[in-house]
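So the structure is just underneath, and the comments pick up after that.
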Amino acid sequence: MMLIGYARVSTQEQNAGPQIAALKAADCELIFQETATGGRWERSELHRLLRQLRKGDVVVVWKLDRLSRS
């Protein structure tokens with residue numbers, strides 16, 4: 001089992017630092033980070049994360065809305 005983190009901000013002006021710190025504190029072994037709106041499916045780092053997942057892995061996000069808005 002691997003803990004895999006995902007951090008997302010919507011704009012360049014936003015800071016993913018608190019998300020990254022929380023994911024590191026949760027002992028995530030891998031962290032994927034990107035700047036993209038949560039309403040779009042075309043997010044390269046999210047797709048990289050999904051390809052990385054194996055049975056038993058856990059995706060960790062700071063807040064659920066960081067993964068997707070809908």
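The values are calculated or read from the model by the stated rules, or taken from the named source; none is laboratory data. Computed from a predicted model, the values in this text were never measured in an experiment. Neighbour counts run over all protein chains shown; Cβ positions are idealised from the backbone, glycine included.
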Quiz item: Given (1) of a type in the set (Lys, Arg); (2) surrounded by fewer than 16 Cβ atoms within 10 Å (Cβ to Cβ); (3) touching a Gly at 6+ places or on another chain (Cβ under 7 Å), where does Arg8 come up short, assuming only one miss?
Solution: (2)
Quiz item: Out of the range 52-70, which residues are without any contact (Cβ under 8 Å) to a residue 60 or more places away in the chain and part of a loop (DSSP other than H, G, I, E, B)?
Solution: Leu53, Arg54, Lys55, Gly56, Asp57, Trp62, Lys63, Ser68, Arg69, Ser70
Self-check item: Residue list for the range 39-51, filter: over 12 Å from Tyr6 (Cα atoms) and either part of a loop (DSSP other than H, G, I, E, B) or touching a Leu at 6+ places or on another chain (Cβ under 8 Å) (or both)
Solution: Gly39, Arg40, Trp41, Glu42
Exercise. Mind listing whichever residues of the range 21-38 are of a type outside the set (Val, Ile, Thr) and in a loop (DSSP other than H, G, I, E, B)?
Key: Ala26, Asp27, Cys28, Glu29, Ala36, Gly38
Practice problem: Output the residues belonging to the range 36-59 that are under 19 Å from Arg69 (Cβ atoms), surrounded by fewer than 15 Cβ atoms within 10 Å (Cβ to Cβ) and within 13 Å of the chain's Cα centre (by Cα). | Solution: Thr37, Ser44, His47, Leu50
Practice problem: Filter the range 52-70 down to residues that are within 12 Å of Gly5 (Cβ to Cβ) and charged (D, E, K, R) and give me whichever is modelled with the lowest pLDDT. | Solution: Arg66
Quiz item: Restricting the search to the range 10-26, which residues are in contact with a strand residue (DSSP E or B) (Cβ under 6 Å, 6 or more places away or on another chain) and of a type outside the set (S, T, N, Q)?
Solution: Ala16, Ile20, Leu23, Ala26
Quiz item: Does any residue in the range 1-13 that is modelled with pLDDT of 95 or more and among the basic types (Lys, Arg) come within less than 6 Å, Cβ to Cβ, of a residue that is assigned to a loop (DSSP other than H, G, I, E, B) and loosely packed, with under 13 Cβ neighbours inside 10 Å six or more places away or on a different chain, and which pairs are these?
Solution: none
